[in-house]
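Visitor: Before we start, here is the structure in question, set down as structure tokens.
The values are calculated or read from the model by the stated rules, or taken from the named source; none is laboratory data. Bear in mind the structure is a predicted one, so any value in this text is a computation, not a measurement. Cβ atoms come from the backbone with ideal geometry, glycine included; neighbour counts cover every protein chain shown.
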Amino acid sequence: MTPLRNILPRHNQDSAASIKDESNGQTTRPDPNGPNQGRSWFTNRWRNELVAAFAEFAGTFMFLFFAFGGTQVANSAAVASNASTAGQNNNSITQAPDTSVLLYISLIFGFSLMVNVWVFFRVSGGLFNPAVTLGLYLIGAIGSVRAALCFVSQMLAGMCAAAVVEAILPGPLNVSTNLGNGVSPARGVFLEMFLTSLLVFTIFMLAAEKHKATFLAPIGIGMALFVAELVGVFFTGGSLNPARSFGPCVVTGTFPSYHYIYWFGPIMGTLLAWAMYKIVKMAEYETVNPGQDFDDHEAALFHPPSHPSSAGQVERPNVAAMAVVEAMRSIDRVSSNEMSREDMGGIDRQITPESPRADGRSGRVEHV
């Protein structure tokens, strides 16, 4: 039997090695002097890192521009003493919170994040947050170079978004994160920590962990921020993101004495989410519900054990690869049978009365 051949194309070599011209049906090779040819590994790596960094800048800017714009609308429409502007310009929160304003701000942040993460998810991952960048670095999803470049891009984008909102919307910029009356910095740190941990852990489980619903991760990520904002806006401004708090402070030139909580809180939240993620991974959560990510075709081809001992026993099967391997085995079996029949035709025979000999005489056939 001939050995199985590797017929699956390698995306960057076999499948990209030739390009078929649909107009004349001919196959042409790519230009070796093209824009992506002849680059060294170092050049290609930095090109990719810079593309990701630029995407992070664009995505963070779009996310915060619409989030800041919506917050500006909500705060401008609210009464000065309303809870929606509590903590800003030394207002108090003795009144009951205006839930419609809080809901408006929470919705604009959640939906802006969801849309922009979905847009940039395939380019840079759609991080848009130094705390998220730190978390993905800790779990090994991104390297140190990309993490550093994304951090710089996110901070610059936060400042640019705040500056553009102040420039094009009437009135003073009123989107800063501030503690509400009666909320101490210590409380603010821990509140920001728990809110950020929800967001980061959601990203770990929906985006970093690959499953059949990974393409829907932006929805869950946006909803996580929406839920966190519903709790946090009234008390801390709902930062969860150093770039979100730092940008408006730079533009307005006002840094509250407790500005550090919008750094320490999200960082602590990231560390908490990382610890929870490590515990879940060490426990091999995949074994709890084996086959939960299988579709109908995968379930028909592969039946995981009811009580697997390790995550490797319940990994999602590659149906396409399994089908190709099975097809190649069938082809090899057919080829082997044909070769066997050809070999049978060459077996030495003895002369029979019906089979003439070379000298013209006939004899009886006896197969050896």
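Visitor: Exactly one condition in (1) crowded, with 18+ Cβ neighbours inside 10 Å; (2) touching a Ser or Thr at 6+ places or on another chain (Cβ under 7 Å) is false for residue 247; which is it?
Guide: With (1) crowded, with 18+ Cβ neighbours inside 10 Å; (2) touching a Ser or Thr at 6+ places or on another chain (Cβ under 7 Å) applied to residue 247, the lone miss is (2).
Visitor: While we're on this one: Would you mind stating whether residue 197 is within 24 Å of the chain's Cα centre (by Cα), modelled with pLDDT of 95 or more, in a loop (DSSP other than H, G, I, E, B) and of a type outside the set (Val, Ile, Thr)?
Guide: no
Visitor: Considering every residue within region 86-106, establish whether at least one is farther than 17 Å from residue 252 by Cα, at pLDDT 80 or above and aromatic (Phe, Trp, Tyr).
Guide: Yes, some residue in region 86-106 is farther than 17 Å from residue 252 by Cα, at pLDDT 80 or above and aromatic (Phe, Trp, Tyr).
Visitor: Hey, can you tell me all the residues within region 204-241 that are small (Gly, Ala, Ser) and assigned to a helix (DSSP H, G or I)?
Guide: Answer for region 204-241, where residues must be small (Gly, Ala, Ser) and assigned to a helix (DSSP H, G or I): 207, 208, 217, 220, 222, 224, 228, 232.
Visitor: So, in region 129-150, of the ones that are closer than 15 Å to residue 50 by Cα and not polar (S, T, N, Q), which residue ends up surrounded by the most Cβ atoms within 10 Å (Cβ to Cβ)?
Guide: Residue satisfying both the conditions and the ranking: 150.
Visitor: So, one more: Can you tell me which residues in region 236-265 are touching a helix residue (DSSP H, G or I) at 6+ places or on another chain (Cβ under 7 Å) and more than 13 Å from residue 193 (Cα to Cα)?
Guide: Scanning region 236-265 gives 243, 244, 245, 246, 247, 248, 250, 251, 255, 258, 259.
Visitor: From the residues in region 101-145 that are in a helix (DSSP H, G or I), under 22 Å from residue 269 (Cα atoms) and of a type in the set (S, T, N, Q), which one is nearest to the chain's Cα centre (by Cα)?
Guide: In this case the residue turns out to be 133.
Visitor: Evaluate region 198-206: report whether one residue or more is under 24 Å from residue 74 (Cβ atoms) and in contact (Cβ under 8 Å) with a residue 24 or more places away in the chain.
Guide: Yes, there is a match, as at least one residue in region 198-206 is under 24 Å from residue 74 (Cβ atoms) and in contact (Cβ under 8 Å) with a residue 24 or more places away in the chain.
Visitor: Go through the residues of region 283-290 one by one and say whether even a single one is modelled with pLDDT of 80 or more and closer than 30 Å to residue 189 by Cβ.
Guide: Looking through region 283-290, at least one residue is modelled with pLDDT of 80 or more and closer than 30 Å to residue 189 by Cβ.
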